[in-house]
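This report refers to the structure that appears directly beneath it.
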Amino acid sequence: MDMTKTTDSAIHDTVREHYANAARQVATNAAACCDGGASTALINDAWGAAMYQTSDLTVLPDTAVLASLGCGNPTALAQLHPGEVVLDLGSGGGIDVLLSAKRVGPTGFAYGLDMTDDMLALANENKAKAGTTNVVFLKGQIEAVPLPANTVDVVISNCVVNLSPDKDAVLREAYRVLKPGGRVAISDVVVRDAEPGEVREIPDTVRHDVGLWSGCVAGALEAHDYRTKLAAAGFAEIEIVEVKRYSLDDITATDCCSGSDCGCAPGAMTAEGLTEAVASRFTSAFVRATKSSPAPILTSLPMMATAISACSCGASPVAGECCDDKATCCGEESACC
Ligand SMILES: C[S@@+](CC[C@H](N)C(=O)[O-])C[C@H]1O[C@@H](n2cnc3c(N)ncnc32)[C@H](O)[C@@H]1O
């Protein structure tokens, strides 16, 4: 499939099929496909479970770890607090939702959102195995989040925004569901801004390669576009931090076990024009931004000023009256002039 000639729904279908395969492989094999059980993380340390602390992984079901197909560790970077409500866009096998649920504790809650039935089934099995109760996995698309506005403290995501054919809609939806003051904490593949002398344009042959799109590479935004889109969605305090600069080996090993042919050797994922110089423009990045709280309502200030200048005191706004006997007039000194 040439990505230039596809509709949004065709891209969703292709991506869904790709990740349904990945989920089935984990579910049926209890491990990814290669060498009788090596996960993506063991094949290349740039993706999946390799991005987590061992202490995080040991508390999770094996199938949640093996299904890890991300490019970062957003829960570690998001600084989650007890009692917060978290939403994971493109939750896959549920690794970041289960970790979030632990971090926000019994007074908090974690939602996972995914469009792929097999991934949702795997995530729900992992939830049951982990014995987690403060979690719900929702079916839907990240371009139209099935949650009300202003209900979430933190939107996280791990290597999914790049897969969307409509990134503006994704970021608008993240903004809509966040409470004022809420934040996004996204791990994603991002094309870093070119340095002098570097390849400037990612070749069309790479951008339009369907395997590299489903493998989280071809759809990656340029860093400056990411910032522009976040700002257009309404976000402030935008920050994009490079976590890891990929090599050609990293890129060609991306998500190697989820393709239909399950080719696990490095180099399984390639395209014309994908050179070391092009690959090095791709990074794992951490993207954060905030939905500003509304500005304080200033209309009350002139009234306050009037009250002070008139030396008002409860129902008796007579200048001077309250100041003679503060205790009986106002009950407390600070309420008087
Ligand atoms: C690369 S995997 C990442 C899964 C998970 N975040 C992780 O770190 O393991 C991408 C996941 O996002 C889901 N996904 C991709 N595009 C989506 C979309 N537009 N709406 C909802 N889910 C999507 C896929 O079904 C898949 O489970």
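The values are calculated or read from the model by the stated rules, or taken from the named source; none is laboratory data. All figures in this text were calculated on a predicted structure; none of them were measured in a lab. All Cβ positions, glycine included, derive from the backbone under ideal geometry; neighbour counts span all protein chains shown.
Within segment 179-204, restricting attention to residues that are under 12 Å from the mean Cα position of the chain (by Cα) and among the hydrophobic types (A, V, I, L, M, F, W, C), the residue that is surrounded by the most Cβ atoms within 10 Å (Cβ to Cβ) is 186. Among all residues of segment 23-37, there is at least one that is at pLDDT 90 or above and either under 22 Å from the mean Cα position of the chain (by Cα) or not polar (S, T, N, Q) (or both).
Check 214, 157, 187, 164 and return the single one that is touching a His at 6+ places or on another chain (Cβ under 9 Å), modelled with pLDDT of 95 or more and either within 23 Å of residue 251 (Cα to Cα) or not assigned by TED's automatic domain parsing to the domain that holds residue 90 (or both). Exactly one of 214, 157, 187, 164 is touching a His at 6+ places or on another chain (Cβ under 9 Å), modelled with pLDDT of 95 or more and either within 23 Å of residue 251 (Cα to Cα) or not assigned by TED's automatic domain parsing to the domain that holds residue 90 (or both), namely 164.
Among the residues of segment 19-30, which ones are assigned to a helix (DSSP H, G or I) and either free of Cβ contacts under 8 Å to residues at least 60 places away in the same chain or more than 8 Å from the ligand (Cβ to nearest atom) (or both)?
Narrowing segment 19-30 to residues assigned to a helix (DSSP H, G or I): 19-29.
Answer for segment 19-30, where residues must be assigned to a helix (DSSP H, G or I) and either free of Cβ contacts under 8 Å to residues at least 60 places away in the same chain or more than 8 Å from the ligand (Cβ to nearest atom) (or both): 21, 24, 25, 26, 27, 28, 29.
Checked against the criterion of being over 13 Å from the mean Cα position of the chain (by Cα) and among the small types (Gly, Ala, Ser), the candidates 92, 83, 112, 70 yield just one match: 83. Has segment 193-203 got at least one residue that is more than 9 Å from the ligand (Cβ to nearest atom), assigned by TED's automatic domain parsing to the domain that holds residue 241 and not in a loop (DSSP other than H, G, I, E, B)? Looking for residues that are more than 9 Å from the ligand (Cβ to nearest atom), assigned by TED's automatic domain parsing to the domain that holds residue 241 and not in a loop (DSSP other than H, G, I, E, B), one finds none in segment 193-203, hence no. Selection of segment 108-127 for residues being more than 8 Å from the ligand (Cβ to nearest atom) and without any contact (Cβ under 8 Å) to a residue 60 or more places away in the chain yields 108, 109, 110, 111, 112, 120, 123, 124, 127.
If we scan segment 137-159, do we find a residue that is within 14 Å of the ligand (Cβ to nearest atom), touching an Asp or Glu at 6+ places or on another chain (Cβ under 6 Å) and either without any contact (Cβ under 8 Å) to a residue 12 or more places away in the chain or more than 22 Å from residue 98 (Cα to Cα) (or both)? So far as segment 137-159 goes, yes, one or more of its residues are within 14 Å of the ligand (Cβ to nearest atom), touching an Asp or Glu at 6+ places or on another chain (Cβ under 6 Å) and either without any contact (Cβ under 8 Å) to a residue 12 or more places away in the chain or more than 22 Å from residue 98 (Cα to Cα) (or both).
Of all the strands (runs of 3 or more DSSP E) wholly in segment 58-147, which have at least 3 residues that are buried (at least 22 other Cβ atoms within 10 Å of the Cβ) and touching a strand residue (DSSP E or B) at 6+ places or on another chain (Cβ under 9 Å)? Walk me through how you get there before you give the answer.
On the way: elements: 85-89, 109-114, 135-139.
The qualifying strands (runs of 3 or more DSSP E) are 85-89, 109-114.
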